[in-house]
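In what follows, a structure is listed as structure tokens, so that the remarks can point back to it.
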Amino acid sequence: MSSNISKIKKSHSHISPDLRKRVEKLRNIGHFGGTISPHRALLTLPMSPGKYVPAIIMAAVIFFSYLFALEYVFSAWSWILEWCSSFFNMEIEQGSFGFEAGIFNIYVPYLKLGAATASNLEWSISVLITAIILLISFFMPDRFVPFAYLLRALAFIQTISILFFLFFSNYFPYSLASYHAVMMLAGLIFIGLVPLIYGLIYYIFDETLLKKLWLTILTMSHLLLLIPLQYFAHAYLIHEFSLMYMPILFLMFGLMIDVFIFIAFYSWGMSWQGTLHPHEERAIEASKVEQAAKTT
């Protein structure tokens, strides 16, 4: 075995530098004969004050405009919660929760709603449903493997919740009202972060000012409408069933959903055709050629 390895090493040492270079170049040629460029994730974007200064200014203007509009957001969310309550024929008192940051009052409305721990019947039904979901995940076709793993994750989280409420239900530290207040505030803060995150990962790219503003407004407007409805649904389900469903709603259907929606809007915006100036196109093309040369 060792003799074979030494022979291979010896044969490689006899390859001429010119031949080695030509073989290396073949690594970057596709089967149609074209050049395989480096993936865009490995490329760098030429940066200049003309790119990041407008991005910082735009992000700051939208962020502070949002802070000044929080009073109207509070009123709109309060109306949405009241409408949802009346739709389900529920009379629910509302409270306000938040904090003050300088001249800004960062408060959200929340529902003063209670929920009980699971009864023996509710606990048994939850065990049965969780077991069925877990069983289904093992009999799904191969093309549904990602969905099967999602079902198993849901079953795992709910199993932990079932076991906790079986043995330690009296030690559960959260109430429904506090959960609703905290999640509404977290959603409000997350919406405020949208223009700041876009300023880092989107405003620096070659889109028009109108497109950047349009994507930001769409993202924030969608979340402004979704979040009060989303967490009213959480509060309603926990109130109607039990606190045993709070962990799975928080982990799988809470802020994670809001983050996924943000990613979806960002991906959509990044798919738009850019508006590079000729000198920027030349700079990026030169960067591609330079990095392609480094890989060879």
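What follows is calculated from the coordinates using simple rules that are stated; it is not laboratory data. Remember, it's a predicted structure, so these values are computed and weren't measured experimentally. Every residue, glycine among them, receives a Cβ derived from its backbone with ideal geometry; neighbour counts consider all protein chains shown.
Quick one: 3J(HN,Hα) in Hz for the stretch 92-103, Karplus 6.51/-1.76/1.60 with θ = phi - 60°, rounded, Gly and Pro as x.
Listing the rounded values in order: 10, 6, 10, x, 10, 9, x, 7, 10, 10, x, 8 Hz.
Say each of residue 263 and residue 99 gets a label point 7 Å from the Cα, pointing the same way as Cα to Cβ; how far apart are those two points in nm?
In this crude spin-label approximation the distance works out to 2.8 nm.
What order do you get for 97, 165 when you list them from fewest to most C-beta neighbours inside 10 Å?
Final ranking by Cβ density, sparse to dense: 97, 165.
As an exercise, use a Förster radius of 35 Å and the Cβ-Cβ distance of residue 163 and residue 90 to find the FRET efficiency, rounded to the nearest 0.05.
Efficiency, from the Cβ-Cβ distance: 0.65.
With a Förster radius of 35 Å, plug the Cβ-Cβ distance of residue 53 and residue 222 into 1/(1 + (r/R0)^6) and report the FRET value to the nearest 0.05.
0.80
Among rounded, prolate and oblate, which fits the stretch 118-171 when a ≥ b ≥ c are the square roots of the eigenvalues of its C-alpha gyration tensor, a/c under 1.5 means rounded, and a/b larger than b/c means prolate?
Prolate, since a/c reaches 1.5 and a/b exceeds b/c.
Mean separation of Cα pairs under 8 Å and 6+ residues apart, divided by the residue count of the stretch 118-171: what relative contact order is that in percent?
40
Which residues in the stretch 213-241 have a backbone N closer than 11 Å to a point placed 7 Å from the Cα of residue 72 along the Cα-to-Cβ line?
none
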